[in-house]
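The structure under discussion appears below in the form of structure tokens.
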Amino acid sequence: MARKRYTPEQIIAMLRETEVRLSQGEKVGAISRSLGISEQSYYRWRREYGGLKVSQARRLKDLEKENQRLRKAVSDLTLDALILKEVVGGKVLSPARRRLAIDHVQEVLDVSERRACRVVGQHRSTQRKLPMPPADEKPLTAAIIRLAQQYGRYGYRRITALLRNEGWLVNAKRFERIWRREGLKVPQKQPKRGRLWFNDGSCVRLRPQYPGHVWSYDFVMDRTHDGKAFRMLTVIDEHSRQCLAIHVQRKLKSDDVLAVLTELFQRHGPPDHIRSDNGAEFTAHAVRDWLGRIGVKTLYIEPGSPWENGYNESFNGKLRDELLNGEIFYTLKEAVILIERWRIHYNTVRPHSSLGYKPPAPQTILPRPARLPYATLQAAQQGDHNRRNSNLTGGPP
């Protein structure tokens, strides 16, 4: 039998009737049975509503309901605060991170999925949907890791350019997401450099305007495994960023500088200007007179201001960072071969950020791959093209 619920008006009316009948000598038990209630209900009602009017009882009931609502609201806010406290370890922006955060909250606080999704801001359908990575996610990740291992000092932008040269159609944001997910990172080393300025506001350094306008050269020193030092003369074209030569010998003098420049002038033609520091090999009268007779103007930087020769200094830093710091040269011949191999790679393969992530002097320019729904190797397309051509000509596949 369902329990009957009484309104405050009915309860106060029965209490008043009970008081009248008690004054006439009746017992509480008999009165309760006649009213259809238990003695416990009578005593509880008398404790809660005794001496109250109907309006006062109704107001008391409303206050109790309001109190229950406020307690529930405070409890909900406290629980929401606990949920948010559990997920403040990092920015919860992507659906994947929110999915992990909601799973963690359900495990720790034992709350429902509906409640956790509402607080975190995740739709329940998104929470329950299993992520389906693209079909080429694994080979693309493997290609990224392979290039990152091969070129340990390259950042993700330069690796992206290498992948596109291989034929992958990679979205830059997708590549950055994989790069960060795999924990790949290159330490940032970019100290601030000053500049020398004239009183009229013009910079000391002459800006290159076209290939062959300004060349720059400088010396770099390293040691073979036996501790013996050797020197490298690096020559670059400041406009195209092409490394024209890296001449390696145990000792380099002004006569060696002239020999290298003679060969380069015959191959590329003499530049308009050539920039260097104030080393004895560059300021020697034999070098200055010879360059003057050919018509090449010399640009010497201010003493103690290597940033004025910034193009060559930057190149020397890349040479040391990407090759010299990671190689052990057992003989001078090995150093010559490996350095020349790196120079060819730098000119023809390595993406240069200031050139739109293209190499300074690529050997060949591949046709632009067709647009595909997701990243695909161009080699597969080229293989299909070759097979179709062989079928048409009747030749071997």
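The values are calculated or read from the model by the stated rules, or taken from the named source; none is laboratory data. All of these numbers come straight from a predicted model, not from anything done at the bench. For neighbour counting, all protein chains shown are included, and Cβ atoms are generated from backbone atoms with ideal geometry for every residue, glycine included. These accessible areas exclude ligands, DNA and RNA; they are computed on the full protein's heavy atoms, side chains included. Shrake-Rupley method; radii C 1.70, N 1.55, O 1.52, S 1.80 Å.
State the number of residues belonging to the range 252-275 that are of a type in the set (D, E, K, R), in contact with a Leu (Cβ under 9 Å, 6 or more places away or on another chain) and in contact (Cβ under 8 Å) with a residue 60 or more places away in the chain.
Final tally of qualifying residues: 1.
Does the range 320-327 contain any residue that is out of contact with any Lys or Arg (no Cβ under 9 Å at 6 or more places or on another chain) and part of a helix (DSSP H, G or I)?
Looking through the range 320-327, at least one residue is out of contact with any Lys or Arg (no Cβ under 9 Å at 6 or more places or on another chain) and part of a helix (DSSP H, G or I).
Among the numbered criteria (1) modelled with pLDDT of 75 or more; (2) surrounded by 15 or more Cβ atoms within 10 Å (Cβ to Cβ); (3) not polar (S, T, N, Q), which single criterion is violated by Ala57?
(1)
Can you pull out the residues in the range 109-136 that are over 27 Å from Arg181 (Cα atoms) and touching a helix residue (DSSP H, G or I) at 6+ places or on another chain (Cβ under 7 Å)?
Leu109, Val111, Arg114 - these are the residues of the range 109-136 that are over 27 Å from Arg181 (Cα atoms) and touching a helix residue (DSSP H, G or I) at 6+ places or on another chain (Cβ under 7 Å).
Across the range 210-245, what is the number of residues that are in a strand (DSSP E or B), open to solvent by 20 Å² or more (accessible area, probe 1.4 Å) and closer than 18 Å to Ile274 by Cα?
Number of matching residues: 1.
Report yes if Ala73 is under 20 Å from the mean Cα position of the chain (by Cα), modelled with pLDDT under 80 and in a helix (DSSP H, G or I), otherwise no.
no
Here's the yes/no breakdown for (1) in contact with a Ser or Thr (Cβ under 7 Å, 6 or more places away or on another chain); (2) touching a residue at least 60 places away in the same chain (Cβ under 8 Å); (3) part of a helix (DSSP H, G or I); (4) closer than 30 Å to Asp103 by Cβ:
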position	(1), (2), (3), (4)
Ser32	yes, no, yes, no
Tyr43	no, no, yes, no
Arg46	no, no, yes, no
Arg58	no, no, yes, no
Glu66	no, no, yes, no
Leu79	no, no, yes, yes
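Looking only at the range 284-295, filter to residues that are out of contact with any Ser or Thr (no Cβ under 8 Å at 6 or more places or on another chain) and within 15 Å of Lys253 (Cβ to Cβ); which one of those is least open to solvent (accessible area, probe 1.4 Å)?
Among those that are out of contact with any Ser or Thr (no Cβ under 8 Å at 6 or more places or on another chain) and within 15 Å of Lys253 (Cβ to Cβ), it is Trp290.
Since Asn278 meets every condition but one in (1) touching a residue at least 12 places away in the same chain (Cβ under 8 Å); (2) open to solvent by 50 Å² or more (accessible area, probe 1.4 Å); (3) within 30 Å of Glu334 (Cβ to Cβ), which condition does it not meet?
If we test Asn278 against (1) touching a residue at least 12 places away in the same chain (Cβ under 8 Å); (2) open to solvent by 50 Å² or more (accessible area, probe 1.4 Å); (3) within 30 Å of Glu334 (Cβ to Cβ), just (3) comes out false.
Kindly indicate the residue of the range 296-315 that is closer than 15 Å to His352 by Cβ and touching a strand residue (DSSP E or B) at 6+ places or on another chain (Cβ under 8 Å) and also modelled with the highest pLDDT among those meeting that condition.
Phe315
Which members of the range 302-333 meet the condition of being closer than 26 Å to Thr283 by Cα and among the charged types (D, E, K, R)?
Within the range 302-333, Glu302, Glu308, Glu313, Lys318, Arg320 qualify.
Name the single residue, out of those in the range 143-194 being touching a Phe, Trp or Tyr at 6+ places or on another chain (Cβ under 7 Å) and open to solvent by 80 Å² or more (accessible area, probe 1.4 Å), that is modelled with the highest pLDDT.
Arg157
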